[in-house]
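Undergrad: Here's a structure for you.
Values in this text are rule-based calculations from the coordinates and carry no lab data. Since the model is a prediction, treat every value here as computed from it, not as a measurement. Here the Cβ is made from the backbone with ideal geometry for all residues, glycine too, and neighbour counts use every protein chain on show.
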Amino acid sequence: MDFISGETICVDKPKGWTSFDAVKRLRGAIQRRLRLKRFKVGHAGTLDPLATGVLIVCTGRATRGIDALQNSTKEYIATLRLGATTPSFDLETAVDATYPTDHITREMVEEALPRFTGRIMQVPPVFSAVKVDGKRAYKLARKGREVELKAKPLQIDEIELMEFSPEEIVIRVVCSKGTYIRALARDIGEALGSGAHLTDLRRTRVGAYTLDRAMQIDEALRAIDTCTLEFPADYRLPGGDAPEGE
């Protein structure tokens, strides 16, 4: 592997980890392998700690392509609990209200979902990294401050109903950068005359990178530790010497 010229590593982010946690682990392994104290590693598209799935990690010169990767189409499998809402629209916060679900049918859901496809406007969750007056919205929300966010345009190409019960649905969503699936859960609940929040989220694709190509974190760390190292011809060690390939 040539980490300097740049590698793109597709990992399956575990639940409970931040995206930065995953990047930090991989960066540390690469730094130890290259015997460097600092090295540039970044990720394309943040996943919430409670979400799992495809996370793209770029090294060295490949970090220049992060913006293009972040703009790629993404696919998610989302589980929504119907009949209850939370302030964060997911399991980060406790249920704050409940609603009836007896009236919800499969046909009703299938009729509602197409309303959220195409170019739509979406209000981001207050528990998000959107900045308000220079501060992250989630920091203000956790302090009990009222946060008002403006709707933003985004593109949802597909929504497919995969599983249905009056209390829970599972959907597949293909969408653009900037889509909050938690906010989509909120809006779907309202469209069904009830409430909803996200209970599970798995990202299955970022551009051409799919879940079946993703390594577990331990697999990625082993690959970094055992791979054959390559270096660009113009690369020099901090002391000025050319590295020896392995």
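Undergrad: Which value, in Å³ per residue, describes the convex hull spanned by the Cα atoms of the range 1-125?
TA: 140
Undergrad: Amide H to amide H, which residues 5 or more places from residue 231 or on other chains are under 5 Å from it, using H placed in the peptide plane?
TA: none
Undergrad: Also, I was wondering about something else. Just in the range 12-108: which trypsin sites (Lys or Arg not before Pro) are loop by DSSP and have at most 10 other Cβ atoms within 10 Å?
TA: Taking the range 12-108 and a limit of 10 other Cβ atoms within 10 Å, the loop trypsin sites (Lys or Arg not before Pro) found are 35, 37, 38.
Undergrad: Take the chain, connect every pair of alpha-carbon atoms lying under 10 Å apart with a spring to form a Gaussian network, then pick out the residue of 234, 157, 187 with the largest mean-square fluctuation.
TA: 234
Undergrad: Please figure out what share of the DSSP beta bridges in the chain is antiparallel and state it in percent, rounded to the nearest 5.
TA: Of those bridges, close to 95 percent are antiparallel.
Undergrad: State the Kirkwood hydrodynamic radius of the range 84-130 in Å, one decimal place, computed from all pairs of distinct Cα atoms.
TA: Mean inverse Cα-Cα distance, inverted, gives 13.2 Å.
Undergrad: Additional query: Alpha carbon centre of the range 189-211 versus the range 47-75: separation in Å?
TA: 17
Undergrad: Quick one: among 50, 192, 36, which has the greatest mean-square fluctuation in a GNM of the chain with alpha-carbon springs under 10 angstrom?
TA: Among 50, 192, 36, the largest GNM mean-square fluctuation belongs to 36.
Undergrad: Sticking with this one: Calculate I(q)/I(0) for the chain by the Debye formula, one identical point scatterer on each C-alpha and no solvent, and give its log10 at q = 0.08, 0.13 Å⁻¹ to two decimals.
TA: Per q value, in the given order, log10 I(q)/I(0) is -0.37, -0.85.
Undergrad: Another one. Would you kindly compute the Cα radius of gyration of the range 185-231 and its largest Cα-Cα separation (Dmax), both in Å?
TA: 19.0, 59
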